[in-house]
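Below is one structure, written out as structure tokens; comments come after it.
Values in this text are rule-based calculations from the coordinates and carry no lab data. In this text the structure is predicted, and so the values were computed from the model without any measurement. Here the Cβ positions follow ideal geometry from the backbone for every residue, glycine too, while neighbour counts run over all protein chains shown.
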Amino acid sequence: MNATTFVYGSELQGRGSATSTDLAFGSLTTLIGVSAFLGGLLNFYLIKNVKTFHNAFGFFWGARTVGELGNEFVYAAYTGPVTILQPTNIPPHVGIFFYHFGFAFTYIQCVMHWAVALNRLVAVWFPMYYRTIFSAKLCVTVVAVIVAKALIIIGLYFIFPCNHIGYSPRFHENVFVKCSPDLGRDYSLIAPLLYKTCFSVACAGTGVINFITFIKIAYIRITSKLAYHQKEFKRDVRLFSLGVVQDIVMTGVVATVIFCNNDKGTSDIGVLLSYDGIVFIYIVNTASMVFFNKECRRFLLRGMKTNVVFSTQLHSQQSESYAHREPSGTMHK
């Protein structure tokens, strides 16, 4: 490609042949994307079958998982493979589309953190009003508003031109797509604002809400051992811990994304912490969901034991069948 000739979308093209670094990053991104996607499916399986999640928290956690799956699909189906293949004929609108597609779902996942934190705050501070506040109508409305906002935010990239972002196989990162050779900047005006909004609302805001919830948990722990050891309260604490772990990991990754700011010169460590780090959050999500909930562990272990028993019984039946079968060539009188 001639460096003196401006070609729209050249930032989104591969180098033609993959280097060892490209293969490493591409393979890692694909592996993380596929692993996280399977983890998201496991989340849905647990939400459907474990009674603990048959409530507003489970509904919000499910909506959050939908956001994860959308972004994980982009990693597994597009960014990982194109990093490995390094094609040079990628239509610019394809790279831009996958960025918008992934970002919309990331925004849903990001803001659902805030909804989950509020849900835990009410469960701990106002347990008597929990079901009244988090009615089915309110839960559906909250998710619908967040989805609508995600679509509106993506629309900003089209309302304000020359702000598009897309994935670059060469830089292993989402980068700014320059729309004109005369443009006096090499960055998007919209993307940093959106990242900072997500950081302040979904990360810092959620952190404040979690801190308020923690104060109530600590107060109950000190003043009333009877209330603290109640089954329902212990469950609320476990679900609260699940959300806190996610918020801590997400805060670190979003801070790294803001720092890197879709820069083509981001170091390998910066790419790992910002770009691949986003999907790493989702893997932690599934792991923490099982780790912090004995109901999930019990359900999965029971399923494993059932499969083992069934396999043993099937093998025993097959052995008995072979034992009673007559030898080949035997003739009846």
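Distance from the alpha carbon centroid of region 152-169 to that of region 31-73 works out to 28 angstrom.
Packing, as the average of other Cβ atoms within 10 Å across residues, places the peptides 82-88, 113-119, 29-35 in the order 113-119, 29-35, 82-88, highest first. In this rough spin-label picture, where each label sits 7 Å from Cα along the Cβ direction, the ARG221-LYS51 distance is 2.8 nm.
The residue list LEU156, THR5, ASN49 was ranked by how far each Cα lies along the charge dipole of region 1-158 toward its positive end, using unit charges on Cβ atoms, and ASN49 comes out on top.
Note on region 1-153: Cα-Cα pairs beyond 22 Å make up 54% of the total pair count.
Only Lys, Arg, Asp and Glu count, each charged at its Cβ (+1, +1, -1, -1), so figure out the dipole size of region 1-113 about its Cα centre, rounded to 20 debye. Provide the component values of the computation, followed by the final result.
Details: 4 positive and 4 negative charges, 66 e Å.
The calculation lands at about 320 debye.
Stretching the chain fully between PHE160 and TYR8 yields a gain of 53.0 nm (0.36 nm per residue, less the alpha carbon separation).
Here the peptides 207-213, 73-79 are ranked by packing, the mean other Cβ count within 10 Å, and the order with the highest first is 73-79, 207-213. Candidates HIS100, VAL66, LEU85 compared by Cα position along the dipole of region 35-141: farthest toward the positive end lies VAL66, with charges placed on Cβ.
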